Amino acid sequence: MLKTLVSGDTPRSPILLAVLLAILVCLALAPFLFPGVRSVDTAARICIFIVLVASYDLLLGYGGIVSFAHTMFFGLGAYGVALASTHMGRGFDALLVGSVAGAGLAALLALVIGLFSLRVRAIFFAMITLAVASAVAVLVSQLSTLTGGEDGLSFKIPRALGPAFKIMDGEIFGVKANGKLLKYYLVFISCFVLFLFMLRVVNSPFGRVLQAIRENDFRAEAIGYRVVHYRVAATCLSAAIAALAGALYAIWLRYVGPDTTLSMEIMIDILLMVVIGGMGTMYGAVIGATLFVLAQNYLQNVLSLAGESVSALPLLPDLLNADRWLLWLGVLFILSVYFFPTGIVGRLRGK
Amino acid sequence: MSAAPKHAPTMAQMSLAERLAPYAPILLVIGLVIAGFLAIPATSSWLTLTVSGLAMGMMIFIMASGLTLVFGLMDVINFGHGAFVSVGAFVGVSFLLLLEHMTGAPNLLWNLTALMVAIVGAMAATGLMGYAFERVIVKPVYGHHLKQILVTMGGLIVVEQLIIVLWGPEEIYITRPESLKGAITFAGAALEKYRLVAVAIGLVVFLTMRYTLRRTKIGLIVRAGVENGEMVQALGYNLRMVFIGVFVAGSALAGLGGVLWGLYQEVITAHMGNQTMILVFIVVIIGGLGSVEGCFIGALMVGLLQNYVAFLEPKAALISNIALMVAILMWRPMGMIPVVKAK
């Protein structure tokens, strides 16, 4: 039964299994285990980034396609929800319409870009997505009447998801049973279902063909699979899931803006999470996203401590400055591409 | 006995369209300039825009040429190319700030000398950095596109962060040398002096590059290497050495482009390289990956189109380049001047 749930793709390593279970339990019970605004916020971010990173892994790790437009799709979903909620008024129907429209538009855009670039050379795809994504980011910040420009959009979500809504009187295990709790579980359960769906996709015949194409596209074509069709389908699927993750993120924050959804920094974060966690293993996304979001929130404190301890030396304090943590992640990223291309999960599985 | 099959050789000249096909890319640039002339009401503003479009195109070409050659020669795609642009700009601007007494004086010769010192310094720095980058970052991932993209992207992140460590996180504002400020008036149009200098430098780089590639032995080896690397190696040339040379030269050119771009924008940030890479990628794709001529023509088209559209409809400027790329890829899927590989 459990095996069917994870589509037969078990962690295949006791340590990995333990870590994954720990993450699952922590996320599932986050509002009770770590009450506090900041930690619940971190947990929700981890959930959403797991889905976002896993959908990117579907493309990069399984399809062997590098895309720099993943934040664009993420942003499409987020802006879809924001615009629908602004124009249709608060309500679950607006959230649904926004998410579905965002995901559909993302898939359509991915189809167009994919047909254009993947038809010729897979390497064009990386460059074209980079160009298109930055053009869209500029466009969003310029069309300020529609999108709010650099300031972004704040919008209202249904009352049932707000802190003022009471599910029942009193508390459950010391936590107020209000709409905030409901919102967290909406995010958590949606992310959980989306993740299991992706696990199903990569372990289906479709996923096997994608892996075959990644290993040797020429041979896959010779066996009789239309390489372009499979690659474009994977792009569309991954774009739609990224848009859904974006929609959840918008619901969680009740705000969208270019910096939170569309920026190049988030794209680089996603790349780092996929590679450090392990490409081509869905569980890598879980490990990568969890580690990264935790590091983003807490590693900076460690670095600033290290920076203070060497403050007498020249240049070193600058290198260990808390704002320079991306430098060290970049180094880690290069090293992991060279030495552990299968990331943490690959290591744990002993490959 | 059956009659011999009819054979009627025709000696007709190729049709005009067929004879023009090889020149189509360059005709497109001319067509674009004419279209701009028709679309823009005042001739003087058209002239101003054309010159600034050419200047922008030349700068993009300088930055893009290294990238396209590196790809053509060794099938290496360097997403970290933008790092050289940033480093070039920062080193060049540091030199200019050091030589403030020379750039501040209203003396053209002194100003140009200071500019030259800055350019040479920046090119030396980025050239050296290119050597290190090739050895450390690119060498272990030959023949593996996916890893190349990831690793060079990682290199870009590290270099950007190192720039922030060395020069600080704030953007640096820079004024142009004294005698390159302002504009000259020609036929009623204001032409910025600095843009004319940029066009001149770009032309010199293009012609030198073309001469080197077409008329010298090293150029012959490079071109042969692009077409069929194995054969060149079989003939006894060490293609690795040639490639490192091209990589270093391409990095140095990116540094030069960085100095020019920084002075053009009059502000530099650590992320400027990555921002210009968007235009650079569009240019190398529409030019045809690996083709220097295609890259030159593509850069001019992008520069001109961007300036014309920014004048006519400011919000559509960046989208116009994407539209241009889509149109060109529909017409020639491998770019305007596709590189034929003998493989």
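To keep it simple, each residue is scored yes or no on (1) touching a residue at least 40 places away in the same chain (Cβ under 8 Å); (2) among the aromatic types (Phe, Trp, Tyr); (3) in contact with a helix residue (DSSP H, G or I) (Cβ under 6 Å, 6 or more places away or on another chain).
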| site | (1), (2), (3) |
| --- | --- |
| A:Leu139 | no, no, no |
| A:Leu146 | yes, no, no |
| A:Ser154 | yes, no, no |
| A:Lys166 | no, no, no |
| A:Glu171 | no, no, no |
| A:Leu186 | yes, no, no |
| A:Ile189 | no, no, no |
| A:Met198 | yes, no, yes |
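For region A:202-234, name all the residues that are part of a helix (DSSP H, G or I) and of a type in the set (Gly, Ala, Ser).
Passing the criteria: A:Gly207, A:Ala212, A:Ala220, A:Ala222, A:Ala233, A:Ala234.
Could you check, for region B:250-265, whether at least one of its residues is small (Gly, Ala, Ser) and within 14 Å of chain A (Cβ to nearest Cβ)?
no
Looking at region B:285-301 only, could you name the residues that are in a helix (DSSP H, G or I) and within 11 Å of chain A (Cβ to nearest Cβ)?
Passing the criteria: B:Ile285, B:Ile286.
If I go through region B:245-263 residue by residue, how many of them are touching a residue at least 60 places away in the same chain (Cβ under 8 Å) and surrounded by fewer than 18 Cβ atoms within 10 Å (Cβ to Cβ)?
0
Inside region B:175-195, can you point out the residues that are at pLDDT 80 or above and crowded, with 17+ Cβ neighbours inside 10 Å?
Correct list: B:Arg176, B:Pro177, B:Leu191, B:Glu192, B:Tyr194, B:Arg195.
Six or more apart or on different chains, Cβ under 7 Å: which pairs go from a residue in region A:54-83 that's under 27 Å from A:Tyr255 (Cβ atoms) to one that's of a type in the set (Phe, Trp, Tyr)? Could you list them?
A:Ala54/A:Phe195; A:Ser67/A:Phe125; A:His70/A:Tyr56; A:Ala78/A:Tyr249; A:Ala82/A:Phe155
For (1) modelled with pLDDT of 85 or more; (2) out of contact with any strand residue (DSSP E or B) (no Cβ under 7 Å at 6 or more places or on another chain), each residue gets a yes or a no:
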site	(1), (2)
B:Val222	yes, yes
B:Glu227	no, yes
B:Glu230	yes, yes
B:Ala234	yes, yes
B:Val248	yes, yes
B:Gly258	yes, yes
B:Leu263	yes, yes
B:Val267	yes, no
B:Ala270	yes, yes
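Any residue at all in region B:121-134 that is in a helix (DSSP H, G or I) and of a type in the set (Val, Ile, Thr)?
Yes, the conditions are met somewhere in region B:121-134.
What's the number of the condition B:Leu305 fails, among (1) outside any helix (DSSP H, G or I); (2) within 14 Å of chain A (Cβ to nearest Cβ)?
(1)
Could you please find all residues in region B:136-145 being in contact with a helix residue (DSSP H, G or I) (Cβ under 8 Å, 6 or more places away or on another chain) and either in contact (Cβ under 8 Å) with a residue 12 or more places away in the chain or on the phi > 0 side of the Ramachandran plot (or both)?
Result: B:Ile137, B:Val138, B:Tyr142, B:His145.
Among the numbered conditions (1) within 13 Å of chain A (Cβ to nearest Cβ); (2) assigned to a helix (DSSP H, G or I), tell me where B:Pro169 comes up short.
In the conditions (1) within 13 Å of chain A (Cβ to nearest Cβ); (2) assigned to a helix (DSSP H, G or I), B:Pro169 misses (2) alone.
Report the residue count in region B:47-77 for those that are more than 15 Å from B:Met209 (Cβ to Cβ), in a helix (DSSP H, G or I) and either free of Cβ contacts under 8 Å to residues at least 60 places away in the same chain or touching a His at 6+ places or on another chain (Cβ under 8 Å) (or both).
The number of residues fulfilling the criteria is 0.
Within region A:137-160, which residues are assigned to a strand (DSSP E or B) and either within 14 Å of chain B (Cβ to nearest Cβ) or among the aliphatic types (A, V, I, L, M) (or both)?
Within region A:137-160, just A:Leu153 meets the criteria.
The values are calculated or read from the model by the stated rules, or taken from the named source; none is laboratory data. For clarity, every value in this text was computed on a predicted model and none was experimentally measured. Cβ coordinates were reconstructed from backbone atoms using ideal geometry, including for glycine residues, and neighbour counts include every protein chain displayed.
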